[in-house]
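J.: Pasting a structure here, questions to come.
The values are calculated or read from the model by the stated rules, or taken from the named source; none is laboratory data. Owing to the predicted nature of the structure, the values given are computational and were not obtained by experimental measurement. As a convention, Cβ positions derive from the backbone with ideal geometry for all residues, glycine included, and neighbour counts pool all protein chains shown. The accessibility values were calculated without ligands, DNA or RNA, using every heavy atom of the protein model including side chains. Shrake-Rupley method; radii C 1.70, N 1.55, O 1.52, S 1.80 Å.
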Amino acid sequence: MSDLDERVQLFKLHPSSRGLSEEALREIAAACELVRYSPGEHIHRTDEPVTSLFLVIHGRLRVTLLDLQGNVMLERYQGSGDQFGGIAAALAEPTPMECVAEDPSTLLRIEYAKAQELSRKYDLFRVNYVQLMAESVKRVLFNDRLISRPKLVAFVHQSPQTRVVTKRLMSRLVEMGEAPGVFTDQAEPGFDAKVEQRRILGGDEDLSIDEVRSQAAKWLEAGRVFVDVATSVEPLRAINALEKCQIVFWCVTPQNWYDSVRSLEDMESRAPGWREKVRILWLLEPGEHAPSAPELWKLAKRQISVSFGSASGKEGKVLFNGFERLVHLVRGLKIGVALGGGAARGMAHIGVLKALEDSGITVDMIAGTSAGAMTGTLYAAGFDPDFLVDRFVSDLTPSRLFRWLPKGDQWYLLYKYRLGRFDPMLRNYLKDLRMEQLAVPMHTVTVDLIGGKPVVRDTGDAVHAILESINLPVLSTPINRQGQALVDGGLINNVPADVLVSKGCNFVIAVSVTATMETEFARNRPDTPDDRMRSASTIQTILRSFLVQNRNINAIGVEPADVVIEPDVTGFDLTHFTRTDELAAIGESTTKEAIPEIKRLLSRLDGQLFQS
């Protein structure tokens with residue numbers, strides 16, 4: 001194959017080539033230079049003029065925009081199918097921008113003046129490229145929250161057992177109107193009849209690189225390209241194929257996961273940035289949690305658990321909605337729910353999660369502060385919402401001694417904190433489960449009094465993460481751990497929707513149980529005469545102070561949320577955990593009222609996945 005033929009084939013893989021004639025393809029490709037960069041190499045250095053356009057064929061670039069003092073103003077990533085330099089080259093002046101290859105990257109470079117000449121000659125090329133630049137601007141304006149579906153996705157199987165996942169996924173994509181093409185190492189057709197597949201490895205004669213590129217270009221015109229292979233394929237061929245993919249799902253089971261460690265280590269030694277695109281996909285039996293597997297966690301940015309079956313007993317639907325989360329990932333959607341603090345009033349979150357689940361809205365990520373951290377983590381671990389309601393009522397009902405005491409519910413709460421009774425209560429359900437093992441990725445918010453900053457937990461002991469986030473000052477002493485003194489996250493960020501946006505969620509539902517606050521405290525109202533006003537207890541004062549603070553700082557974390565749900569729980573005292581069933585019912589009914597609007601907004605993001 002000539003150099004020009006190779007450039008033509010690579011150009012066909014890029015969206016700027018869509019619809020062009022063979023003559024146009026060859027002339028534009030002839031004007032391009034094929035360039036390859038290793039991780040860490042500069043495509044552009046700051047304060048140098050940009051004189052060329054770059055079409056990203058494969059790989060990932062990190063683009064950093066600096067201010068006059070050299071501080072980072074914006075940092076974002078460009079992947080396969082993106083472009084770099086279009087706007088900067090038009091300025092024709094030194095640009096305070098840096099572009100570095102994060103992964104092994106293949107680009108086509110074309111001088112800006114030549115690109116202008118060709119865009120005048122070929123209108124469709126100009127239209128395609130302008131659309132690419134407009135998409136880049138939109139992603140910046142919308143803080144990367146627009147749907148962006150990966151065009152090249154790989155599934156690597158440690159055993160044949162996990163092939164069922166890709167088979168079901170392809171059928172689901174076809175149902176939604178997609179036309180996926182699959183490169184596989186399997187001889188027999190394993191997918192829906194409407195899914196095109198080509199055997200690339202292990203046949204009588206492996207497809208050549210030219211044949212693979214040609215087929216991929218045809219599939220990209222109509223849809224997307226998937227790779228579905230076993231870990232046993234020849235390593236160099238596998239690396240060459242997987243380098244081109246934007247997401248790699250490494251599929252394992254609790255029985256065979258360790259066999260994948262060496263392969264992933266070898267691959268990441270060639271390209272350290274691989275961790276950003278590898279997802280460990282666990283295929284689990286009903287009721288089974290993913291192992292802790294710290295060796296794998298170091299090699300992959302995220303994990304996703306998939307289990308087929310139906311819920312029973314204390315198990316909720318969470319464990320069996322993993323496949324739907326996979327569909328969301330492949331469709332470029334990530335739905336996050338932010339649960340705020342509010343002591344007993346936070347029990348309304350259980351009803352919110354139940355209503356979302358029952359309406360068919362699968363949650364992809366949760367962030368919680370204080371009571372939101374507790375309810376969210378237990379839900380993310382797979383417990384049924386109704387089961388949680390029953391257990392909270394039972395576990396947080398004061399003993400007979402406290403029920404006899406005046407303000408016994410307040411003294412009982414102080415007792416639970418001071419004697420460390422929350423740990424064994426939570427440990428009874430979560431055992432030694434780690435945050436990494438939860439069925440839904442969970443982030444808890446706490447505050448470090450030493451550093452004076454919020455701390456977001458998504459790894460480590462799940463019970464510890466909850467205890468740190470619910471640790472009310474004065475009622476309890478700070479938890480000292482790893483050089484930090486940790487207290488309730490509501491001090492700084494009570495409804496952490498912003499955390500979810502920073503973690504890649506492009507649709508966020510925020511739940512606040514402190515947005516509405518009754519004008520009554522210790523039975524005192526604004527019109528209560530001075531001589532009839534009652535003195536509040538210390539515990540009442542502490543809890544009310546947190547409520548007032550939370551209400552006034554809600555806007556900090558809530559601001560980026562797409563939908564805010566505010567259950568009216570003003571009739572409940574902050575220590576009324578025994579009324580969890582009533583609080584959950586209010587959360588459920590409030591959320592049901594919001595479901596039509598939530599689905600309407602989701603349908604704007606993905607009309608096939610969420611029919612209006």
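J.: What translational diffusion coefficient, in µm²/s and rounded to a whole number, does the Stokes-Einstein relation yield for region 353-463 at 37 °C and a viscosity of 0.692 mPa s, taking the hydrodynamic radius as the Kirkwood radius over Cα pairs?
T.: 211
J.: Then there's this: Can you give the local net charge around residue 176? Use residues other than it whose beta-carbon is closer than 10 angstrom to its beta-carbon, Lys and Arg +1, Asp and Glu -1.
T.: That works out to -1.
J.: Of 438, 460, 489, whose Cα points farthest to the positive end of the dipole of region 433-523 (charges on the beta-carbon: +1 Lys, Arg; -1 Asp, Glu; origin at the Cα centre)?
T.: Checking the options against the dipole of region 433-523, the answer is 460.
J.: Pick out, from 74, 223, 207, the residue whose Cα sits farthest towards the positive end of the charge dipole of the chain, with +1 on the Cβ of Lys and Arg and -1 on the Cβ of Asp and Glu.
T.: Of the options given, the answer is 74.
J.: Let me ask you something else. Go through (i) 40, 26, 24; (ii) 50, 28, 21; (iii) 43, 36, 26 and flag the label whose value is the computed semi-axes √(5λ) of the Cα gyration tensor in Å for this structure.
T.: Structure-derived value, by its label: (ii).
J.: Could I ask something else about it? With viscosity set to 1.002 mPa s and temperature to 20 °C, compute the Stokes-Einstein D of region 40-83, Rh being the Kirkwood radius across alpha carbon pairs; µm²/s, no decimals.
T.: 183
J.: What fraction of the Cα pairs in region 98-228, stated in percent, has a spacing above 24 angstrom? Write down the numbers at each step before the final one.
T.: Numbers: 4077 of 8515 pairs.
Of all Cα-Cα distances in region 98-228, 48 percent exceed 24 Å.
J.: Would you please give the FRET efficiency between residue 397 and residue 87, computed as 1/(1 + (r/R0)^6) with r the Cβ-Cβ distance and R0 = 56 Å, to the nearest 0.05?
T.: Efficiency, rounded to the nearest 0.05: 0.35.
J.: May I ask which residue of 565, 396, 162 lies farthest towards the positive end of the charge dipole of the chain, with charges of +1 (Lys, Arg) and -1 (Asp, Glu) on Cβ and the Cα centre as origin?
T.: Result: 396.
J.: Shifting gears a bit: Based on DSSP H runs of at least 4 residues, each adding -39500 (n - 2.57), what is the mean residue ellipticity at 222 nm of the chain after dividing by all its residues, to the nearest 500 deg cm²/dmol?
T.: The helix-only estimate for the chain comes to -11500 deg cm²/dmol at 222 nm.
J.: When Lys and Arg each count +1 and Asp and Glu each count -1, what net charge do the other residues less than 10 Å away from residue 301, Cβ to Cβ, add up to?
T.: Summing Lys/Arg as +1 and Asp/Glu as -1 gives +3.
J.: Pop a pseudo-label 7 angstrom from the Cα along the beta-carbon direction at both residue 423 and residue 595 and give the gap in nm to one decimal.
T.: 4.1
J.: What is the list of residues in region 329-348 whose amide nitrogen lies under 19 Å from a point 7 angstrom out from the Cα of residue 147, following Cα to Cβ?
T.: What the label zone holds, given the 19 Å backbone N cut-off, is 329-337.
J.: Still on this model: Taking the Cα centre of the chain as the origin, how large is its charge dipole in debye, to the nearest 20, when only Lys and Arg (+1) and Asp and Glu (-1) carry charge on their Cβ atoms?
T.: 1080
J.: If we restrict to alpha carbons, what Rg and Dmax does region 118-184 come to, in Å?
T.: Looking at region 118-184, its Cα Rg and Dmax stand at 17.8, 53 Å.
J.: Could you compute how fast region 41-182 diffuses translationally, taking Rh as the Kirkwood radius over C-alpha pairs and applying Stokes-Einstein at 37 °C with viscosity 0.692 mPa s? Give it in µm² per second.
T.: 188
J.: Once neighbouring chains are kept in place and the probe is 1.4 Å, which whole percent of the accessible area of the chain is contributed by carbon and sulfur?
T.: On the way: 13180 of 26360 Å².
Its accessible area is 50 percent carbon and sulfur atoms.
J.: For region 287-392, state which chymotrypsin sites (Phe, Trp or Tyr not before Pro) are in a DSSP loop and have at most 15 other beta carbons lying within 10 Å of their beta carbon.
T.: Loop-located and lightly packed - 308.
J.: Determine the alpha carbon to alpha carbon distance for each of 314/431; 167/599; 354/503; 301/503 and list only those over 19 Å. Spell out each step's value before the answer.
T.: On the way: 314/431 15 Å; 167/599 27 Å; 354/503 23 Å; 301/503 11 Å.
In this structure, 167/599; 354/503 lie more than 19 Å apart at Cα.
J.: Which FRET efficiency value, to the nearest 0.05, do you get for residue 275 and residue 138 by plugging their Cβ-Cβ distance into 1/(1 + (r/R0)^6) with R0 = 41 Å?
T.: Step by step, r from the Cβ atoms, then E = 0.90.
J.: Rounded to the nearest 10 Å², what accessible area does residue 110 show when all protein chains are kept and the probe is 1.4 Å?
T.: The accessible area comes out at roughly 10 Å².
J.: For Cα pairs less than 8 Å apart in space and 6+ apart in sequence, what is the mean separation divided by the residue count of region 210-323, i.e. the relative contact order in percent?
T.: That works out to 20 percent.
J.: Summing Lys, Arg as +1 and Asp, Glu as -1, what charge do residues with Cβ under 13 Å from the Cβ of residue 319 carry, residue 319 excluded?
T.: Working: positive: 314, 317, 325; negative: 285, 288, 315, 324, 357, 384.
Result for the neighbourhood of residue 319: -3.
J.: Ok, one more. Can you work out the accessible area per residue across the chain, with the rest of the protein chains kept in place, probe 1.4 Å, in square angstrom?
T.: 43
J.: With the contact rule set at Cα under 8 Å and sequence spacing of 6 or more, what percent relative contact order holds for region 1-135? Don't jump to the answer; show the numbers that get you there.
T.: Working: 268 pairs, mean separation 44.9, N = 135.
Relative contact order for region 1-135 comes out at 33 percent.
J.: Equivalent-ellipsoid semi-axes (√(5λ), Cα gyration tensor) for region 321-395, whole Å, largest first?
T.: The answer is 23, 13, 9 Å, longest axis first.
J.: If you average the sequence gap of Cα pairs under 8 Å that are 6 or more apart and divide by the length of region 90-202, what percent do you get for the contact order?
T.: It comes to 13 percent, rounded to a whole number.
J.: Follow-up question, since we're still on this one. What is the calculated FRET efficiency for residue 262 to residue 386, with r their C-beta to C-beta distance and R₀ = 56 Å, to the nearest 0.05? Mind showing how you got there, number by number?
T.: Details: r = 44 Å, r/R0 = 0.78.
Working from the Cβ atoms, E equals 0.80.
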